[in-house]
Amino acid sequence: MDTLNIIHLSRRQDRYDLLMPQLALQGITDYVLHEGIEKKHNRKEGICKSHKAIVREAKEKGLPMVHIAEDDIVFTSPGAWDYYLSKIPDSFDLFMGMTYVGSHDENGRINSICSGLTLYTVSERFYDSFLSIPDSCHVDRTITAMHKEYEFILIDKFVAYQSGSKSDNTQTTCDYTPLLQGRKLYGE
């Protein structure tokens, strides 16, 4: 049940070369690389379908939850993955290991639209709602726009962030470190 499902485009050797040391550093041996779906004329659609394919598979297997990461994940410190797993709440629809944009209350409950699905867990009770979103949307913003209807929880200390390699969505190289300013990071 602690399998980490990672969206990866096999043509992105650069991402693979960054990912493998991250998994080794965390001691993650239970993982599956899922080939990402590419839509050249609508990159958001490919990204959304990639996330939904993992949720659909979890639903078909009858899993109580599924952990999903993108292949540009960087963990904040050794032990971050174990910390993440230890913080998964008893009751949730979506549990997030980080976010760049958005807000939450003092208990970690998401109360706005957020950006950043670098590492998250989906509860089986949210599978159908997740799978019902339009394929051509920004998956993170569309999902978190449902925050008033569902129980979306943000971890107390961020355990991961994006590497800043070339984005498959925007086709640009991004520096995400300014968006981490003022955030509590695991290991600091």
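Determine the gain in length on full extension of the stretch Lys148-Val32; use 0.36 nm per residue of separation and subtract their C-alpha separation, reporting nm with one decimal.
38.6 nm
Determine the equivalent ellipsoid of region 1-86 by diagonalising the alpha-carbon gyration tensor, then write out the semi-axes as square roots of 5 times the eigenvalues, largest first, rounded to whole Å.
Over the Cα atoms of region 1-86, the semi-axes work out to 22, 18, 10 Å.
Would you compute, from DSSP H runs of 4+ residues alone, the mean residue ellipticity of the chain at 222 nm, taking -39500 (n - 2.57) per run and dividing by the full residue count, rounded to the nearest 500?
-8000 deg cm²/dmol
Rounded to two decimals, what is the ratio between the C-alpha radius of gyration of the chain and 2.2 N^0.38 Å?
0.94
Using square roots of five times the C-alpha gyration tensor eigenvalues, list the equivalent-ellipsoid semi-axes of region 19-60 in whole Å, biggest first.
25, 15, 6
How far apart, in nm, are the 7 Å Cα→Cβ label points at Thr3 and Lys87?
Distance between the two pseudo-spin positions: 2.5 nm.
Could you look at region 48-101 and say what percent of its accessible area is carbon and sulfur, using a 1.4 Å probe and all protein chains?
For region 48-101, the apolar C and S fraction of the accessible surface comes to 50 percent.
Compute the distance in nm between two label points, each set 7 Å from the Cα along the Cα-to-Cβ direction, one at Cys137 and one at Leu180.
Rounded to a tenth, the inter-label distance reads 2.9 nm.
The values are calculated or read from the model by the stated rules, or taken from the named source; none is laboratory data. These numbers were taken from a predicted model, which means no experiment stands behind them. Reconstructed Cβ throughout: ideal geometry from the backbone, glycine too, with neighbour counts over all protein chains shown. Heavy atoms of the whole protein, side chains included, go into the accessibility calculation; ligands, DNA and RNA do not. Shrake-Rupley method; radii C 1.70, N 1.55, O 1.52, S 1.80 Å.
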